[in-house]
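I have placed the structure first, in the form of structure tokens, so that the comments after it can refer back to it.
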Amino acid sequence: MENNTEMKIAVYPGSFDPVTKGHLDILERASSMFDKVIIAVLKNNSKKSYMPTQDRVELIKESIKDMENLENVEVGSFEGLTIDYARQVGAKFLIRGLRAVSDFEYEMQLSQTNQAIAPEIGTVFLITKPKYNFISSGIVKELSFLGQDVSKFVPKSVVEYLQKHKINV
Ligand code: ADP
């Protein structure tokens, strides 16, 4: 029988290029469900990322510094397969956020692939709040590059970073 006192650890993987308020909402909710949540930036994604991994990690750290009740959250980064990283850190759960039906197909495929290669690791899907439904890292970068204020969509540290770096999408 499984030991009931075993810590429930979850990994919340993603590009976080950059982290948005939508991501942070999912993170907050995950942190209330698990003993420990590791939000982890994927280094080599098939998607092209615009910000260096270290900057994406630092921005997450900055963003969660002043948030309450996130003492059980750690920030990490990894290369390669998410399930290998999860095994390394002793996590039995992955967290993914769902916005619209358009996320569903990809997320289902990803989750089923992970199930096939790592049956001991499950994926937990959390549905975004409607007010964050349309927020994506890509849209945020585009708006910011075009001079729009993105402070409604991303934490303050990200607003400042984008203003400074003028990321061209
Ligand atoms: P990936 O490249 O792995 O999709 P993202 O950084 O784009 O990485 O997203 C990480 C996770 O967060 C994914 O599960 C994605 O569906 C979810 N997510 C992205 N934006 C939002 C949002 N606005 N609200 C809730 N979940 C989101």
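Observations on the model:
- Condition check for residue 143: within 16 Å of the ligand (Cβ to nearest atom), assigned to a helix (DSSP H, G or I) and in contact with a Ser or Thr (Cβ under 9 Å, 6 or more places away or on another chain): no
- If the condition is being of a type outside the set (Asp, Glu) and near the ligand (Cβ under 9 Å from one of its atoms), then the stretch 103-126 contributes 106, 110, 125, 126.
- Criterion violated by residue 86 - all others in (1) touching a residue at least 40 places away in the same chain (Cβ under 8 Å); (2) part of a helix (DSSP H, G or I); (3) in contact with a Lys or Arg (Cβ under 8 Å, 6 or more places away or on another chain); (4) open to solvent by 50 Å² or more (accessible area, probe 1.4 Å) satisfied: (4)
- Contact map, the stretch 127-142: first residue more than 11 Å from residue 153 (Cβ to Cβ), second residue open to solvent by less than 80 Å² (accessible area, probe 1.4 Å) and not in a helix (DSSP H, G or I), Cβ cut-off under 7 Å, separation 6 or more or different chains; pairs are 127/98; 128/97; 128/98; 133/100; 138/169; 142/169.
- Any hit, the stretch 62-72, residues being aliphatic (A, V, I, L, M) and within 14 Å of the ligand (Cβ to nearest atom): no
- Every condition in (1) under 15 Å from the mean Cα position of the chain (by Cα); (2) open to solvent by 90 Å² or more (accessible area, probe 1.4 Å); (3) within 15 Å of the ligand (Cβ to nearest atom) is met by residue 54 except one, and the failing one is (3).
The values are calculated or read from the model by the stated rules, or taken from the named source; none is laboratory data. Because the structure is predicted, anything quoted here is derived from the model rather than measured. Note that each Cβ is placed from the backbone with ideal geometry, even for glycine, and that neighbours are counted across all protein chains shown. Ligands, DNA and RNA are excluded from the accessible area calculation, which covers all protein heavy atoms including side chains. Shrake-Rupley method; radii C 1.70, N 1.55, O 1.52, S 1.80 Å.
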